[in-house]
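Student: Below you'll find the structure I mean.
Computed from the coordinates by the stated procedures, all read-outs in this text should not be read as laboratory data. As the structure is a computational prediction, the values presented were derived from the model and not from experiment. Positions of Cβ are generated from backbone atoms using ideal geometry, with glycine treated the same way; all protein chains shown enter the neighbour counts.
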Amino acid sequence: MPAASRPRRSVKSTARFVAGAAALLAIATPVVQAAMFEPPGDQVLFGMWFDPADGYNDRPLDINARIDQNVAVFQIAQEIPLPAYNWVTGAGGPAPENTIELSRTDAAVFLTVYPGGGFDTVTTADFTQLGQQILDYQTTLNRTVFLRYAPEMQGLWNAYGQQPTAFIASWRECYTAVKAVAPDTIMVWAPNTPQGYPYGQSLSASSTADIALLDTNNNGELDADDDSLAPYYPGDDVVDWIGVSIYYKGTDSAQTENNVQPEGYCAQAINGVNPSDGATITNWYANYCEAKPDKACMFAESGAAYHLNNTAATTVTRSQLQQGWISDCITNISMLDEFPRLRLIMHFEYEKVETANDNSQDMRDFRVTNDTAALAQLKADFASAGDRFSWAQSRAPPTSISSAGAPAATNSEGSTVVQAITATTRARPTTFPSLFGTTSDGTQRAEFIELGIMIVAGIGGALAVMKTL
Ligand SMILES: *[C@@H]1O[C@H](CO)[C@@H](O)[C@H](O)[C@H]1NC(C)=O
Ligand SMILES: *[C@@H]1O[C@H](CO)[C@@H](O)[C@H](O)[C@H]1NC(C)=O
Ligand SMILES: *[C@@H]1O[C@H](CO)[C@@H](O)[C@H](O)[C@H]1NC(C)=O
Ligand SMILES: *[C@@H]1O[C@H](CO)[C@@H](O)[C@H](O)[C@H]1NC(C)=O
């Protein structure tokens, strides 16, 4: 009804109307409902990525021993479709969940799933199988499970990157299929940081439908003024937690130098300000945490890079650099107070080679527990934070979990993990495939050499016998 045709209200009826509207508003005010697995009060979960690959062999049990706390959430990763576990190379197969069982705690599983071959390669059946794997963790192993599907979906460094239309379709299919099997799964939507968007990328290879989503300022280009997150948001009905990847890699343009980060780095980056130049960027916290009170927020992967190729060029030590990160981005109580929807900090406890902005191969160490002084600070800060951080509880591992490291031949759903038959004289390698590098296993090489010698000796022996006949 047009406003002009409405009868005028008397003062009394206006007062009644105002009171009624106020009452309605009070009812309509959203009741803030905690997200799934959100810790109580103002508590924050601390989680870890760990590197199980050869040369590092890191494990949840070892991390807990180092920091003297039971880390609440551990990250493991796998591809979808799930490649069969290769018993010769140790590649493929489901993520090494048994390492979390062996931590002897009730830590949550944070399962990252990469559609590394692109969205087209993934079928509904693959998502259903993933749901069964997760249900197995939840029911047989009594684990809380976060599922982070197709993270950092804006970046062309992922085969599935910068395809918002296909991402949203695949996400919704994943949500529906996984939740149909395992409804308690916590779905984590986790884009990359808005800092530096669009990461040097353009619209040149994008479809018309994608361009319509990506070019939010409608100027025909993908640029720093486009919203870096909204094109990829699949909808409030299909997201439980919201994450972001946030790293500090140096202040130089190549990002190969060691400098201690400016204080307030993380607070700015999540709150609409690029810490390197003060420019306005998409406000992750305001748009996705404050504006969505029934969803909890997290740093899905985070850390500061100490550049090992560049240690001579600076006086900044590894300890100083990592301590800067710890006090600014992990145990910074003012940050946790200022951003109360931030409920989980997942630290990327890895060392890895990355391609720097000048295209050089840069060995970056993000670990906060591999440096004596940084580790001491982390422990002291956690101790003085009292119960602000929420930790896992100790409990015995289930008897069904082998300590040998290889995944079980069948899971409780009866799905078979394909095993290659190998001639072996030794125990199987106990390391796991890494998504961030190849696993070289000396034991395996030795076996092949032995096998070769045996074959040569066998042929030689047979020839010798034939000669005497
Ligand atoms: C499952 O784990 C939770 C959290 O540790 C615990 O409270 C509960 O008792 C466990 N349930 C069973 C059946 O063991
Ligand atoms: C902690 O975070 C606040 C923002 O809440 C920021 O102002 C402060 O500089 C940070 N502290 C450190 C040591 O970086
Ligand atoms: C940096 O170090 C890594 C190994 O430590 C090496 O692979 C890489 O080539 C080095 N990069 C440069 C530019 O020297
Ligand atoms: C750091 O990690 C390496 C493995 O990469 C390990 O050999 C070394 O003992 C660790 N150092 C500290 C101080 O934890």
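Student: Tell me whether the range 44-390 comes out rounded, prolate or oblate; compute the Cα gyration tensor, take square roots of the eigenvalues as a ≥ b ≥ c, and use a/c under 1.5 as the rounded threshold.
Tutor: Here the range 44-390 falls in the rounded category.
Student: Express in whole angstrom the spacing between the alpha-carbon centres of the range 42-76 and the range 231-307.
Tutor: If you average the Cα positions of each part, the centres end up 22 Å apart.
Student: Neighbouring Cβ atoms within 10 Å as the yardstick, rank M335, M36, M48 fewest first.
Tutor: Ascending number of Cβ neighbours within 10 Å: M36, M335, M48.
Student: Could you run the Karplus curve 6.51 cos²θ - 1.76 cosθ + 1.60 with θ = phi - 60° over the range 73-78 and give me ³J(HN,Hα) per residue in whole Hz, x for Gly and Pro?
Tutor: 9, 10, 8, 9, 9, 8
Student: Filter K295/K379; K179/K352; K179/K292 down to the pairs with a C-alpha to C-alpha distance above 31 Å, please.
Tutor: Those over the limit are K179/K352.
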